[in-house]
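Inspection log for the structure reproduced underneath, given as structure tokens.
The values are calculated or read from the model by the stated rules, or taken from the named source; none is laboratory data. Source: prediction; values computed, not measured. Please note: Cβ atoms are built from the backbone with ideal geometry, for glycine as well, and neighbour counts cover all protein chains shown.
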Amino acid sequence: MNKLSQQPVFWFIVGSQHLYGEETIKQVEVHAREMALYWNNETNWPAGVVYKGVVVSSDQIKKLLSEANHDPSCAGVISWMHTFSPSKMWIAGLRDYKKPYLHLNTQFNRDIPWNEIDMDFMNLNQSAHGDREHGFIGARLRMPRKIIAGYWKDAAVLDRMEAFMRVAIGIRVGQTLRCARFGDNMRDVAVTEGDKVEAERVFGWSVNYYPLGDLVSFVEGAADGDINAIMDQYHQRYDFKTDDLDAVRYQAKLECGLRGFLDQGGFQAFTSTFEDLHGLEQLEGLAAQNMMLDGYGYGAEGDWKTACLTHVMKKMAEGLNKGTSFMEDYTYHLEPGHELVLGAHMLEVCPSIAAGRPAIEVHQLGIGNRKPPARLVFEGASGPAVLASLVDMGGRMRLIVNDCEAVTPLQQMPKLPVARVMWKPEPNLQTSAEAWILCGGAHHTVMSYALNSTHLRDFAEMTGLEFIHINQDADIQALKKELLWNELAFKLNMQP
Ligand code: MN
């Protein structure tokens, strides 16, 4: 059984000390239980919170954080110092702690009880300084951590806690992520290359090559009943704008083979390349699109970094009802005042980002030298989104994120036989493109309407990546300095 089949939970740990006596610690415990109960009952968080106790000694903290490391259901720890908890006793535990860590600086009582407040109240409700002591040890140990301050029922605080959880879930998913590469990357392409050993060290992603012939055996062995079931799903999900049902059925057969191969090997992501199609009759268009909709990570031309990142971001975004897809910057619209990017791919854009119901069409494909492949054609939804690219700088990975506003295409494109999205990148096309090119961002990206730059910044911080954010304040000269300083910081083995 895959150890991730256990639902993730977050451990809530409350720090204190013996100084205050049993009564105070009991009171802290009652409050902490009430908070965990509230979060579990009143939020739509993607994971539950398990209250793990009030900790008051170094041995106790070390034991609990060690258990957090080793318990596969624990996706991260949320800590809070209701009272004061001297931080030397946290050193041994935190030094060895490996999972995402949220330091919540909150207070059980929202308001000061003006008429009743006395020193007992102050001694119980002293996170204002208890959490500063805890903050110091996090800083002193240079530990990556998310810090959220505010009242624990406040909607904005709850939203930020949810975002932390989603990132931690993405990191957890990565620990067991397996990606099958059918074929290598496209010949001579540089940006889709990368250090797979480093990726496994940093993220846990296991990326390996598998001969296409092995996949072809699965495709040829697909059972009619299974192919029919996938055809039924195509009818449920999409319109058919083609009479070439044989071509569509071949994609269903291809999907059957892909799912069979991936499920048998425990893979959640895959790559393909049109340069190596061996015994396949079509490049996997519709098949890859339909599988992405179900959460599989996909990268074209052997791009395993984008395939893995697509899966991880889809898992972070699960339940948000907004799309996340493999994407490529394809063509510009440079009309002054209306500069836009047209994003698409030869075939493989995920229908989770479609504005309406996608249609299956069959068209000739000039590249790949195979039969005309069936693919989904649609326009992307409008709204705010992010584009993320992971590149290998040699010695470290860099995650580049550009905020954008996806828009309805200015006009119809009746002869374009692929799914397409248009967006205005922040701060504008010119500065965005110059910044993106300056820091080496790829033409392949993951586009997400569900996540924002905070999710990806936190992901980068928790995994020790370099993070570059191109947003409405982007400035090329400032970015040049940031890249230079980052280069130095990483050479000195410091994280910026
Ligand atoms: Mn491509």
Show the residue pairs meeting these rules: Cβ distance below 7 Å; 6+ apart or different chains; first residue within segment 284-308 and within 21 Å of residue 187 (Cβ to Cβ); second residue more than 16 Å from the ligand (Cβ to nearest atom) and among the β-branched types (Val, Ile, Thr).
304/207
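For (1) surrounded by fewer than 15 Cβ atoms within 10 Å (Cβ to Cβ); (2) touching a Pro at 6+ places or on another chain (Cβ under 7 Å); (3) assigned to a loop (DSSP other than H, G, I, E, B), each residue gets a yes or a no:
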site	(1), (2), (3)
337	yes, no, yes
364	yes, yes, yes
376	no, yes, no
386	no, no, no
390	no, no, no
394	yes, no, yes
399	no, no, no
404	no, yes, no
Filter segment 437-458 for residues that are in contact (Cβ under 8 Å) with a residue 40 or more places away in the chain and out of contact with any Ser or Thr (no Cβ under 8 Å at 6 or more places or on another chain) and give the result.
438, 439, 440, 443, 452, 453, 454, 455, 456, 457, 458
Have a look at 270, 326 and point out the one that is outside any helix (DSSP H, G or I), buried (at least 17 other Cβ atoms within 10 Å of the Cβ) and in contact with a His (Cβ under 8 Å, 6 or more places away or on another chain).
326
Taking interchain pairs and intrachain pairs at least six residues apart, which have beta carbon atoms under 9 angstrom, with the first residue in segment 123-152 and farther than 17 Å from residue 84 by Cβ and the second modelled with pLDDT under 95 and polar (S, T, N, Q)?
142/495; 144/495
Can you pull out every residue in segment 116-167 that is assigned to a loop (DSSP other than H, G, I, E, B) and closer than 14 Å to residue 455 by Cα?
145
What number goes with the only condition from (1) in contact with a Leu (Cβ under 8 Å, 6 or more places away or on another chain); (2) within 30 Å of residue 457 (Cα to Cα); (3) within 16 Å of the ligand (Cβ to nearest atom); (4) modelled with pLDDT of 95 or more that residue 386 does not pass?
(3)
In segment 280-309, how many are farther than 15 Å from residue 212 by Cβ, within 13 Å of the ligand (Cβ to nearest atom) and either surrounded by fewer than 24 Cβ atoms within 10 Å (Cβ to Cβ) or β-branched (Val, Ile, Thr) (or both)?
1
Could you figure out which of (1) more than 16 Å from the ligand (Cβ to nearest atom); (2) more than 20 Å from the chain's Cα centre (by Cα) isn't true of residue 185?
(1)
Residue 29 versus (1) surrounded by 17 or more Cβ atoms within 10 Å (Cβ to Cβ); (2) at pLDDT 95 or above; (3) closer than 19 Å to residue 131 by Cβ: which is the lone unmet condition?
(1)
State whether one or more residues within segment 171-178 are more than 16 Å from residue 203 (Cβ to Cβ) and either away from the ligand (no atom under 16 Å from the Cβ) or of a type in the set (Gly, Ala, Ser) (or both).
no
Inspect segment 459-476 for any residue being hydrophobic (A, V, I, L, M, F, W, C), without any contact (Cβ under 8 Å) to a residue 12 or more places away in the chain and surrounded by fewer than 17 Cβ atoms within 10 Å (Cβ to Cβ) and give the result as yes or no.
no
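Residues checked against (1) over 23 Å from residue 269 (Cα atoms); (2) within 16 Å of the ligand (Cβ to nearest atom); (3) in a helix (DSSP H, G or I); (4) not aliphatic (A, V, I, L, M):
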site: 447; (1), (2), (3), (4): no, yes, no, no
site: 450; (1), (2), (3), (4): no, no, no, no
site: 459; (1), (2), (3), (4): no, no, yes, yes
site: 462; (1), (2), (3), (4): no, no, yes, no
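Given the condition within 16 Å of the ligand (Cβ to nearest atom), in a strand (DSSP E or B) and out of contact with any helix residue (DSSP H, G or I) (no Cβ under 7 Å at 6 or more places or on another chain), answer yes or no: does some residue in segment 344-353 qualify?
Yes - at least one qualifying residue is present in segment 344-353.
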